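See structure below.
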Amino acid sequence: MEPDSKLAALRRGMLEPLVLASVEHQRRYAGEIATALREAGFPVQEATLYPLLNKLRREELLAHDWQESTSGPPRKYLSLTEAGRVQLRNFRTYWSSLTDMITTIGH
Amino acid sequence: MEQIHHMSLSGHAETIPLTAAAHAHLVRYLSNTRAALGTDPDADETVRDLETALGDRLRSMATTPGAAIDDEQLARILAETGSVEQEAPPTRILAYPARGRFFCRIGEGSWFGGLCAGIAAYGDFRVDWVRTVALFLLLFTGGTAGLVYLALLLILPKVDTVAEYRRKCSGPVPSR
């Protein structure tokens with residue numbers, strides 16, 4: 001499915017909220033986040049995702065801890081911080097106000 | 001038999017066997033990525049993360065022991081990984097920056113090119129004093145000052161009014 005170019009800008013803005021939501025209930029490492037997004041129908045390239053993850057870590061919305069892996073290098077597991085939860089909640093509130101807006105504005 | 005490069009990638013203990021072309025391609029990709037991240041404070045970390053992710057994919061691809069990954073296989077992986085979008089340069093809010101005092105010629109009320117007016121504006125002198133000094137210099141140096149004057153007429157930029165000169169010195173005035 002090739003997303004419409006008019007939708008591309010919307011999708012770009014959705015990446016950050018979706019990344020936060022993907023680690024809301026379980027910690028995941030970057031590769032798992034990419035897989036989760038792909039399976040949800042929001043494919044994202046690592047070269048786009050990784051800089052964002054590091055930015056969110058710097059902004060302390062995500063926290064990380066290292067864990068040894070049986071199948072490769074140690075993994076950096078990411079989880080939501082308290083600030084991250086607040087941010088995700090803000091995203092959701094804003095998002096539903098936007099959806100309300102687009103459905104009601106024409107009436 | 002083509003030469004095989006063994007490349008070590010961040011996080012991976014084992015090296016990845018690559019053909020010469022694939023090796024050059026991967027090195028180029030990583031250095032372009034680093035360049036695209038520019039002044040991002042996490043640039044090095046991001047490159048390391050990408051190296052680890054690429055290493056995962058390349059290792060799962062290198063199933064036959066000893067066989068090197070060729071450029072075509074690598075290109076496929078890199079296409080999936082994508083490239084880092086260069087951050088847009090910050091949009092300039094100021095139309096022009098404050099440049100501080102600078103020498104110029106000022107057209108407003110000028111006698112001969114506005115050089116004295118420019119010097120007066122530069123140093124907050126009275127323009128008629130500057131003109132008097134300039135006239136004495138011209139007389140005492142026997143014309144040499146005149147040559148310097150002519151040269152400066154050619155070199156210095158021209159500003160229309162004193163008010164505009166001050167505006168350029170201090171940058172844009174915040175709009176009210």
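When the Kirkwood radius is taken over all Cα pairs of the range A:63-107, what Stokes-Einstein diffusion coefficient follows at 25 °C and 0.890 mPa s, in µm²/s?
This corresponds to a translational diffusion coefficient of 182 µm²/s.
Which residue, chosen from B:Thr33, B:Phe102, B:Leu135, occupies the Cα position most advanced towards the positive end of the dipole of chain B, where the dipole is computed from +1 (Lys, Arg) and -1 (Asp, Glu) charges on Cβ about the Cα centre?
Comparing the listed Cα positions along the dipole, B:Leu135 ranks first.
Based on the Cα atoms of the protein assembly as shown, what semi-axes does the equivalent ellipsoid have, where each is the square root of 5 times one gyration tensor eigenvalue, given in whole Å with the largest first?
Equivalent ellipsoid semi-axes, largest first: 61, 30, 17 Å.
Under the definition of partner shielding as Cβ atoms of other protein chains within 10 Å of a residue Cβ, what is the mean value for peptide B:35-46?
3
Taking Cα pairs under 8 Å and at least six residues apart, what relative contact order does chain A come out at, in percent?
Computed value for chain A: 26 percent relative contact order.
Using a Förster distance of 22 angstrom, determine the FRET efficiency expected from the C-beta separation of A:Lys55 and B:Ala24, and round it to 0.05.
The computed FRET efficiency comes out at 0.15.
Would you please classify the overall shape of the range A:1-105 from the alpha carbon gyration tensor, given that a ≥ b ≥ c denote the square roots of the eigenvalues, rounded means a/c under 1.5, and beyond that prolate means a/b larger than b/c while oblate covers the rest?
Oblate is the answer for the range A:1-105, as a/c is 1.5 or above yet b/c matches or exceeds a/b.
Taking a probe of 1.4 Å and counting only protein heavy atoms, give the total accessible area buried between chains A and B in Å², rounded to the nearest 100.
Accessible area lost upon association: around 1400 Å².
Positive end of the charge dipole of chain B (Lys, Arg +1 and Asp, Glu -1 on Cβ, about the Cα centre): tell me which of B:Ala62, B:Val159, B:Thr81 has its Cα farthest that way.
B:Val159
Would you please classify the overall shape of the range A:36-85 from the alpha carbon gyration tensor, given that a ≥ b ≥ c denote the square roots of the eigenvalues, rounded means a/c under 1.5, and beyond that prolate means a/b larger than b/c while oblate covers the rest?
It comes out oblate by the Cα gyration axes.
Run the reach check for B:Lys168 against aspartates and glutamates, Cα to Cα strictly under 19 Å, same-chain hits fewer than 8 apart removed. What comes back?
B:Glu108, B:Asp124, B:Asp160
In debye, nearest 20: dipole of the protein assembly as shown around its Cα centre with unit charges on the Cβ of K, R (+) and D, E (-)?
I would put it at about 1500 debye.
For the range B:1-45, what is the accessible area per residue in Å² when the probe is 1.4 Å?
55 Å²
With only Lys, Arg, Asp and Glu charged, each at its Cβ (+1 for the first two, -1 for the last two), find how big the charge dipole of chain B is about the Cα centre; round to the nearest 20 debye.
About 1580 debye.
Return the Rg/Rh ratio of chain B with Cα-based radii and a Kirkwood Rh.
Here the Rg-to-Rh quotient is 1.45.
Across 5 Å bins from the origin, how do the percents of Cα pairs in the range B:23-73 run, short distances first?
Bin by bin from 0 Å, the calculated values are 4, 18, 24, 23, 15, 10, 5, 2.
Please give the length that would be gained between B:Ala145 and B:Cys169 if that part of the chain were fully extended, namely 0.36 nm times their separation in residues minus their C-alpha to C-alpha distance (nm, one decimal).
In short, 5.9 nm is gained.
By how many nm would the segment from A:Thr93 to A:Glu32 lengthen if fully extended, with 0.36 nm per residue of separation less the alpha-carbon distance?
Full extension of this stretch gives 19.3 nm more.
The values are calculated or read from the model by the stated rules, or taken from the named source; none is laboratory data. This is a predicted model, so every value here is computed, not measured. All Cβ positions, even for glycine, are placed from backbone atoms using ideal geometry, and neighbour counts span all protein chains on display. Side chains included, ligands, DNA and RNA excluded: accessible areas come from the protein's heavy atoms. Shrake-Rupley method; radii C 1.70, N 1.55, O 1.52, S 1.80 Å.
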